[in-house]
Amino acid sequence: MRTTIFCICAIIFLLIALACSTSSELPNTPDITRNPDTSMSRQLWGFWDVDVIPDGHGSASLVFTPRHTTQVHLNVVGIMESGGDAAVGIEPPVTLVDGILDVNVKLTHPFEGLDKFTGFDVRGILIGHGSVGGFSESLFYPGPTDMQLLNADGHSRLWNPTEYTGSGYVDGKLSTPDAIKNYTATLNPYKYFADDLTANQSIPDMLKVKRGAFGAGSTNVRHYQIKLGDKGLSFQYAVDANWWTPTEPVVVPDSFDPAKANCPEPYHMEVWIGPGIYGDGGSAGIIVDVYDWQKDVTGVSVEAPLLYDGITELSDPQDNGDFVTYSGYISNVNLPAGNRADILIYTRGTDPVTLKEYTCYRLFSYPVVHVPDGGVIITVQDDKFYKAKGVEYTYISSGYDYGAGNPPPVDYADHDGPWDFTGIPADSTSTREALDPNDPEVASFKSQFSGNVTHFFKTEVALTGTPQSVYQAEAHNEGANLLRLWGMHTSEPVVEDIQDFPLDPPIDFQYPETKSTDYTVSQNYTLIPFLLTMKVTYHLWGIGEGVAFVPIQPGVNGWGWDTQAALETRSFAAFETGGLLGQGDMGKALLYTWTADDGLGYGSISAGNSPDSDPNFDEGTFDITGGAAVNTLQMIN
């Protein structure tokens, strides 16, 4: 969408600114009834069938049906079915909107006061359907239409019913026999539970002093955001934990040997994969912070078979105390045709008792954006989408001086992208939103403009520390494919005491806009007879198309950025006033803009030439030679 805030930004600028598991961990018939004192530290605390029951009003109830026993000492099914305290439950509120289930799941340790049964590194695993594979290990995980945990702390191969079979599992009293055969995913997402971790807290922010302990009798809550998929409203839920016999008297966590009581694999990996990969190639940096109680990790592996063949091994670790950082790069060599590329990051650890290897996994779906067939086409309907009433957009910006050898991270001369806005600091912010003509905020000045105005598009920006607002009076002429600017109102006077700039006839901006767009608009206006006239000239070219990366929040997989196909345009605007109050040539503005293919303004670079100052850009070549402002989308509310 070509947004008018970027079309009109040149005029506004002139009005205002110019002044984790391997196969060895998969026994065919895991003996989970053996006493852990002589076996292994890995514990299955519980296994449930879960049914989601929508109420039709944006909420739902969840029914947890016990399915399997846990290991000796922690027989949660037995406690629950005997009328004891529930080990799993829900903490309201619960929302179910557009297939996204937001729910707080709470786990209660079944033995109050028995500190010797304190668990460590507890994970609540969602087990569902797997329809995608392709990594070096034989893993199947949820595809785009399957149930997905959107805010997973990690992924695990443990306890999936496809590979963990045998006499170790028994049906609970209320569950349907053999129901586990319906769930085929062998790599499943989880949330991590601990006494020192709140519902929405990230694991790196957890207090480390208790080593991820889940105390006997305590209750912990974690927030799950689940996309339910198209295979029904049911899934399975397993609780994985670690435990080892403590020394007496019991002190948590000192009495528990970290080599045995904590999980042998890293308990968490914090992964950041940067922008830079797109449909036609590119590369991206990857940073992995490994959190491991035993600190015996030797490397991190990365696979992305759609992007490149083989396995990338990250090395050269940097010790940061609580975690070790591994870094490297991945590249798009295979040029996949799809829009996503799955990336698997993993590292291993060995159980000192059983000598089994366990793996900490993180699975991400990376967006691989292509310029669509026919190029990027921005229409009036796209502009209306961007200006949906009640939606607020936050932009960040920073100033750069091209003349001082300090160019911004966005290259306006690269007309086929990609364009990376993610390195722009948030030196200042602005917000934009569409207001209804009946909104009380515009009541005092809406009568100054045509009755054809359908909305006032508001931009609030702090230019000198005091926020100022510009309201663009607009309407769409869909029959003629025109966006019509009927004028502007400013919160503070721009010329003498004048705040309203009605334009009749309106300035029309043409649609659709594509790479071949080239048009000029020129209008003369009498704002106050004999006192103030205005001439506006605006020229726009479509000069390129590609993909743009922006620091939108919350971003992709929590990485803090997103990307879309984008049209690059160049605008040149001139503004002059006449009459007794006129000041002649007010200056000229140059504006490079990037507009996403879905109609969203992604970024801009603007520079202005004032008649009484040194130029910031060459008006013949449109090269920026001095000061400029770089602006990018950060948040949609």
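The values are calculated or read from the model by the stated rules, or taken from the named source; none is laboratory data. Bear in mind that the values here come from a model prediction, so they are computed numbers and not experimental data. Here the Cβ positions follow ideal geometry from the backbone for every residue, glycine too, while neighbour counts run over all protein chains shown.
One residue alone among LEU158, LEU174, LEU197 is touching a helix residue (DSSP H, G or I) at 6+ places or on another chain (Cβ under 9 Å) and either at pLDDT 95 or above or in a strand (DSSP E or B) (or both), and that residue is LEU197.
Got at least one residue in the range 624-631 being among the β-branched types (Val, Ile, Thr), surrounded by fewer than 18 Cβ atoms within 10 Å (Cβ to Cβ), assigned to a loop (DSSP other than H, G, I, E, B) and out of contact with any helix residue (DSSP H, G or I) (no Cβ under 8 Å at 6 or more places or on another chain)?
No, that holds for no residue.
Checking the range 113-129 against the condition returns a match, with at least one residue being touching a Leu at 6+ places or on another chain (Cβ under 6 Å), assigned by TED's automatic domain parsing to the domain that holds THR184 and outside any helix (DSSP H, G or I). Taking the range 474-499, which residues are touching a helix residue (DSSP H, G or I) at 6+ places or on another chain (Cβ under 6 Å) and not in a strand (DSSP E or B)? Once the filter is applied, which keeps residues that are touching a helix residue (DSSP H, G or I) at 6+ places or on another chain (Cβ under 6 Å) and not in a strand (DSSP E or B), the range 474-499 yields GLU478, ASN481, VAL494. Taking the criterion of being more than 30 Å from ASP257 (Cβ to Cβ) and crowded, with 21+ Cβ neighbours inside 10 Å, the residues of the range 304-335 that qualify are ALA304, LEU307, ILE330, ASN332. Condition check: in contact with a helix residue (DSSP H, G or I) (Cβ under 9 Å, 6 or more places away or on another chain), under 27 Å from GLN634 (Cα atoms) and either not aliphatic (A, V, I, L, M) or not assigned by TED's automatic domain parsing to the domain that holds THR520 (or both). Does PRO437 satisfy that? Taking the combined requirement at face value, the residue satisfies it.
In the range 254-349, counting only strands (runs of 3 or more DSSP E) that sit wholly within it, the ones holding 3 or more residues that are aliphatic (A, V, I, L, M) span 268-273, 283-291.
Of all residues in the range 381-429, those that are in a helix (DSSP H, G or I) and under 30 Å from GLU478 (Cβ atoms) total 6. Annotation note: Cβ proximity below 8 Å between a residue of the range 461-483 that is farther than 19 Å from VAL630 by Cα and not assigned by TED's automatic domain parsing to the domain that holds GLU513 and a residue that is modelled with pLDDT under 90 and surrounded by 13 or more Cβ atoms within 10 Å (Cβ to Cβ) (sequence gap 6+ or interchain) occurs for no pair. Of the residues examined, TRP272 is one that is aromatic (Phe, Trp, Tyr) and under 20 Å from the mean Cα position of the chain (by Cα).
Residue-wise test of (1) touching a Cys at 6+ places or on another chain (Cβ under 9 Å); (2) buried (at least 17 other Cβ atoms within 10 Å of the Cβ); (3) of a type outside the set (A, V, I, L, M); (4) over 30 Å from ASN637 (Cα atoms).
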| position | (1), (2), (3), (4) |
| --- | --- |
| LEU580 | no, no, no, yes |
| MET586 | no, yes, no, yes |
| ALA596 | no, yes, no, no |
| GLY599 | no, yes, yes, no |
| GLY603 | no, yes, yes, no |
| GLY608 | no, yes, yes, yes |
| ASN616 | no, yes, yes, yes |
| GLY620 | no, no, yes, yes |
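Looking only at the range 593-606, residues that are at pLDDT 95 or above and of a type in the set (A, V, I, L, M) come to 1 in all. In the set LEU590, LEU527, LEU482, LEU532, only one residue is surrounded by 18 or more Cβ atoms within 10 Å (Cβ to Cβ), modelled with pLDDT of 90 or more and not small (Gly, Ala, Ser); that residue is LEU590.
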